[in-house]
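Enquirer: Quick one: the structure is below, questions incoming.
Nothing in this text is a laboratory measurement; each read-out follows from the coordinates by a stated rule. Everything numeric in this text was worked out from a predicted model, so none of it was measured. Here Cβ is always computed from backbone atoms with ideal geometry, including for glycine, and neighbour counts include all displayed protein chains.
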Amino acid sequence: MLKKCLLSADQLKKDVSLAKIKFNTTKDIPPLDTVIGQERAVSSINFALQMDKSGYNLFVSGRYGSGRTTIVMDLVKRFARQGPPPQDCIIIYNFEAPDEPYAILMPPGEGRRFKNRFQKLIRNLRRDLLKSLESKQYDDERGKVVEKYQKKKQELLQTLEVEAHALDIQIQPSNMGFLTIPTKNGKPLNQEEFQLLPHEEREKITNNLAYVQKRIQEVVKNINILDRDLHDELEDLTQKTARFVVNNHFAHLLEKYHDFPEIKNYLHQAAEDIIKDVANFLGKSESESPLPLQQGPQIDKYQVNIVVDNTKHNGSPVVYETNPTYTNLFGRIEKKAYQGFVYTDYTMIKPGSLLNANGGYLVIDAEQLLKHPFAYESLKRSLRSGELRIEDFPELIGLATTTSLRPRPIPLKVKVILIGQAYLYRLLHSYDEEFGKIFKVRADFDVEVKETPTTVKQYVQFISRVVHEEKLRHFDRSGVEAIIEYAYRLADHKKRLSIRFAELVRIIRESSFWAAQKRHKLVSRQDVEMAIDNLIYRHNLIEEKIHEAIRERTINIDVTGFKVGEINGLAVYDVGDHVFGRPNRITINTYIGSRGIINIEREAKLSGKIHDKGVLILAGFFYEKFGNDMPLSFSASITFEQSYSGIDGDSASSAELYALISALSGVPINQGIAVTGSVNQKGEVQAIGGVNEKIEGFFKVCQSRGLNGQQGVIIPQANVKNLLLKDEVVEAVRAGKFHIWAVDNIEDGLYILTGQKCGLRHKDGSYTQNSIFEKVRQRLVEFARQTQAFRQQISEMSKKDQDDSEE
């Protein structure tokens, strides 16, 4: 086998040495206070934070566990500390349009101070108004007014009585008004006496009664006018008295808020409302009769609803909304039940995270935002218009049967930061024309960082930071080295470290746990390896079941001997919380025909598009090697045996090509050697993913059957930099019990698998005698001859049948 392709044990793992960093334990290392390896993302975030223009909101993309949220929150909070303090927001009654309460922005802390001052004013005003309206002076003035109108009414009644008496008519007051009774000689006449009178006298009395009734109506009308005038004059007196008291109380507050036009306007309106409706203000309104169907209690128009209070806030606000529903973002209008009815008022308006973040920064999970109806579209509308509207959600979606409050829009200036995966950004940018105009900045988080002395030292500091923040056991040097080795393994690269911090923190935390279980004072390599092994054990049940089926030969995998047209390909399985590799038996049959290479997985609809492409590339390789001097006429069927789920990816294309060449040439393949790697039409072997899991999966199968020193795996040369294998695999290679070869072309791979060379191509299209490619070519030539002979035989039979029919 090719020695140039055989890898040594030292090439299979990354040896981490921290000799240049002086420390014994993480206790000696200062915790990390910077960001590791996200210079591009940090630069984008800082640009978005500093760009104080409309539309420069930020979308942060990256994988879960990359530390994106932690880093974003840390950077935003640092920047926000230097920003101006946010404004308070109060909601007050709108005296002109009660269904449209005002929202007013005020300097931080001023909302609370205004409320306290205004409520104190209202309390004192009620007390002093009550005193003024119960004073002797007010009673005297009121008495004079009442007496004046009583006198006028008495004069009207006396005049009426005199006129009636002159006409022998007596007037008596009653519940129904006034009764008119005819008299004679000063005595009232009853009906019988009236009927006994002469006709002329009765007619005279009747005319007099009609006249008096008419005069009564005139007097009653004039009395009603006097009552109205009395009420108006008394009201004027009350308002005059109230105005004096109200103006005295409001003067100081109006002067205090001279520079706040909206507050001044509200105070003027409140003062006028109190003056015009003193009785209601004092709770003595005669109109407040207890109605059994009154819908809601009386609204206190003189309250101040503080929806955002930044009294104790320093710097700009930073809000992280974890559940971005419509109401959580924009606020809500609460309701209460009262005597069987539901009511609301401006004091029940509650803020959402947008209002709480006004003047600062709002961080939202993009995926969660898109899950909630109306949230995303309403957010865009608010950012476009620069206004926030607090609306009743049931009314917004058409479920409310009654109209609720419609608060006036609130000026909005907030920087929104969406955090999501890259595919969400692409989808929104492709299908939403407005998205790119509103979120003009993208910060893309990487999942790995290049290895440098600085980044390695930062990783040591990162481990120290986690230990200090979570109060874990300190790590010794070996424990730190083991964690950093795990970071290389997560990155699948010898020169890069993973920055999937969530997974690293998990191992750091669990390593400390196992050290505590073993009563170790410090966390060592042994504890880290135990944490990793236990993590795998908790999640690899499916992997164990598959390997158990292979051991019991329920799944047929051979790791010894030679076979024609069969090979062990390697696949990676991702079960969500665990990734592992396993061998798959690939078999190929070849026969005369013209259908070319048949992908059985594709025919059974179990093949993905990338795998289909890989199979089609095989045909391109054959045309390149054998189709320049003759037409290719053969058929081949390829399948993954005992595979009942979907297959995708092109990492098995080189294995399929090896098996196809074996089937055509008749040269057997070593079943103890598994293969992974994609191939192009030129026969070049290309890099694939999951190389470590694939090697370890096949090693596990060989180990269970017994290592014989002839087994191993062929990988692409381009994947050598990704090799970070477990110690047991490395030691088996070191002992010569297992082998790993790295190739960059099909010819080298075939030599390792078969022990035979592919041969050199001659000018006539043939290859070196007895070489693999020449055997393939001869087989293809034989297929072509047999096809031609068969076609000629069919043609002759057809001609003979035609001649027989003519005779």
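Enquirer: Need one number: nm distance between label points at S174 and K240, each 7 Å from Cα along Cα→Cβ, rounded to one decimal.
Expert: 4.1
Enquirer: Need the C-alpha centroid separation for region 156-177 versus region 745-773, integer Å.
Expert: About 140 Å separates the Cα centre of region 156-177 from the one of region 745-773.
Enquirer: Something else: Pairs of alpha-carbon atoms within less than 8 angstrom and 6+ residues apart define the contacts here; what relative contact order does the chain have, in percent?
Expert: It comes to 16 percent, rounded to a whole number.
Enquirer: If you don't mind, another one. Scan around G593 for amide H atoms under 5 Å from its own, H built in the peptide plane at 1.01 Å from N, and keep only partners 5 or more places away or cross-chain.
Expert: Result for G593 returns F634, S635.
Enquirer: With a 10 Å Cβ neighbour count serving as the proxy for reagent exposure, in which order, fewest first, do I546, I410 appear?
Expert: I546, I410
Enquirer: Still on this structure: Could you please state, rounded to a whole Å, how far the C-alpha centre of region 643-706 is from the C-alpha centre of region 23-38?
Expert: 42
Enquirer: Find the relative contact order for region 556-783 and round it to a whole percent, using C-alpha pairs within less than 8 Å whose residues are 6+ positions apart.
Expert: 23
Enquirer: Enter the angle in degrees (range 0 to 90, nearest 10) between the Cα long axis of helix 772-806 and the first principal axis of the Cα atoms of the chain, meaning the one along which they spread out most.
Expert: In the chain, helix 772-806 runs at an angle near 90 degrees to the longest axis.
Enquirer: Just checking my list [x] 359; [y] 190; [z] 245 against volume of the Cα convex hull per residue in Å³ computed from this structure; which label fits?
Expert: [x]
Enquirer: Using the count of nearby Cβ atoms within 10 Å as a rough guide to exposure, how do D128, D10 rank from fewest to most?
Expert: Exposure proxy ranking, most exposed first: D10, D128.
Enquirer: Report, in degrees rounded to the nearest 10, the 0 to 90 angle that the Cα long axis of helix 39-50 makes with the longest principal axis of the chain.
Expert: For 39-50 against the chain, the angle is about 20 degrees.
Enquirer: Return T238, T26, T754, T34 ranked ascending by Cβ neighbour count within 10 Å, so the fewest neighbours appear first.
Expert: T34, T238, T754, T26
Enquirer: For a label point 7 angstrom out from the Cα of N116 toward its Cβ, which stretches of region 307-325 have the backbone nitrogen within less than 14 Å?
Expert: Once the point is set 7 Å along Cα→Cβ of N116, 310-312 turn out to lie under 14 Å by backbone N, inside region 307-325.
Enquirer: So what's the back-of-envelope 222 nm ellipticity for the chain, counting only DSSP H runs of four-plus at -39500 (n - 2.57) apiece and dividing by all residues, rounded to 500?
Expert: -15500 deg cm²/dmol
Enquirer: Quickly rank 189-198, 686-695, 311-320 as a protection proxy: mean count of other C-beta atoms within 10 Å, highest first.
Expert: Per-residue mean Cβ counts within 10 Å order the peptides as 686-695, 311-320, 189-198.
Enquirer: Quick one: 3J(HN,Hα) in Hz for region 175-192, Karplus 6.51/-1.76/1.60 with θ = phi - 60°, rounded, Gly and Pro as x.
Expert: So the J values, rounded to whole Hz, are 5, 9, x, 10, 9, 10, 10, x, 10, 9, 6, x, 10, x, 9, 8, 5, 5.
Enquirer: Ok, one more. Taking only C-alpha pairs under 8 Å that are 6+ residues apart, what is the relative contact order of region 119-260 in percent?
Expert: 33
Enquirer: For K120, go through the lysines and keep the ones whose alpha-carbon is under 20 Å away, minus same-chain ones fewer than eight residues off.
Expert: Counting by Cα, and skipping residues close in sequence, K120 has these lysines nearby: K131, K256, K264, K301.
Enquirer: Quick check: the angle from helix 199-256's long axis to the longest principal axis of the chain, C-alpha only, nearest 10 degrees?
Expert: In the chain, helix 199-256 runs at an angle near 50 degrees to the longest axis.
Enquirer: State the volume of the convex hull built on the alpha-carbon positions of region 136-243, expressed per residue in Å³ and rounded to an integer.
Expert: 106
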